[in-house]
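The values are calculated or read from the model by the stated rules, or taken from the named source; none is laboratory data. No experiment lies behind these values; they were computed from the predicted model shown. Because the Cβ atoms are built from the backbone with ideal geometry, glycine has one as well, and the counts that use them run over all protein chains shown.
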Amino acid sequence: MNTLFFLKVVLSFVVGGLFVTACTVAAERFGSAVGGIIGGIPSTVVVTLFFIGLVESPHVASRATEIIPLIVGFNGLFLVAYAAFARRGFAVGLCTAFLVWGTLSFLAVRIDPVGFAVSLACYFFLLSLCYFTFQRLLHVPIFQGRNILVSPGQLSLRALFSGGIIALAVWLSRVSNPTIGGMFSVFPAVFISTLVIAYQVRGLEFSRALTKPMMISGMINVVVYAVCVRYLYLSVGIGLGTLLAFLISLVSAYGTYLLARSKQPHGIT
């Protein structure tokens, strides 16, 4: 089991690092909407649920999806809080977002199990709330793409930084007490590392520009993946279930891309 957990940490490092790096490069070259959509494609949750199914059983992995919609809703609030408070500074925005997410997630895991139906109902409410907030109250900037040349060294640093944060969250989910471990298993490490890198490469407003498309993509596609896993793991097994669930989430990711593009006043370049 220790060997499998080590493999899980390594895969989380590699997968997470590649996703975040791809997200930031795509945002710079093709615009904030494209980068944000990529940032919301299921990544570490794929590794997490796969290893739960492998180490425990498909039934345990299926049950583990119960709280995911609720926590994904909190991840959406994380992005809303960052977009709202980052106008007072990057550190203020990130710390406030983490405080919001941590408080709500701690309460959720304390009262777990909430049940899948309740988790899903809360998710739909939070999805609507986050979308309304971004559409009506928060006016995040829109960045178009530009031709850039990112050196291999810069790509490596981004991958190491983001992969390190994600791997650390996975490790903490194992060594912490059950409550804190449950929180870190759904920690928004991809969002945090993406925002930090975006802030470093193009500034505060560029990082804020990623929040809305990441919210749309992350809240929809991760839950689509989790729901698929919930039923596919029991019907077709872990391997084929993972593949089918991910393919379905890619279809939904394309749908969220079209939705994000339709909301851009000048399209995406």
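If a residue counts only when it is among the small types (G, A, S) and either under 13 Å from the mean Cα position of the chain (by Cα) or over 20 Å from V251 (Cα atoms) (or both), which helices (runs of 4 or more DSSP H) contained entirely in region 11-128 have at least 2 such residues?
32-39, 58-64, 68-85, 90-110
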Next item on the list: From A91, A61, A84, grab the single residue that is free of Cβ contacts under 8 Å to residues at least 40 places away in the same chain and of a type in the set (A, V, I, L, M).
Entry: A91
Next item on the list: Answer yes if at least one residue in region 20-32 is surrounded by 20 or more Cβ atoms within 10 Å (Cβ to Cβ), aliphatic (A, V, I, L, M) and closer than 25 Å to F124 by Cα, and no otherwise.
Entry: no
Note to self: Condition first: part of a loop (DSSP other than H, G, I, E, B) and either in contact with a Lys or Arg (Cβ under 8 Å, 6 or more places away or on another chain) or at pLDDT 90 or above (or both). Now tell me which residues in region 129-154 satisfy that.
What the structure shows: L138, V140, P141, F143, G145, R146, N147, I148
Next item on the list: May I ask you to list pairs of residues, at least six apart or on different chains, whose Cβ atoms are under 7 Å apart, with the first in region 247-268 being at positive phi and the second being at pLDDT 65 or above and not β-branched (V, I, T)?
Entry: G267/R261
Notebook entry, point to check: Pairs under 9 Å by beta carbon, first residue of a type in the set (F, W, Y) in region 15-29, partner surrounded by 21 or more Cβ atoms within 10 Å (Cβ to Cβ) and assigned to a helix (DSSP H, G or I), six or more apart or different chains?
Noted result: F19/I38; F19/G39; F19/T44; F19/S162; F19/I166; F19/V190; F19/T194
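Of the residues V72, V80, V118, which is out of contact with any Pro (no Cβ under 7 Å at 6 or more places or on another chain), surrounded by fewer than 19 Cβ atoms within 10 Å (Cβ to Cβ), of a type in the set (V, I, T) and under 21 Å from F187 (Cα atoms)? Explain how you work it out, then say what you get.
Details: V72 fails: surrounded by fewer than 19 Cβ atoms within 10 Å (Cβ to Cβ); V80 fails: surrounded by fewer than 19 Cβ atoms within 10 Å (Cβ to Cβ).
Result of the check over V72, V80, V118: V118.
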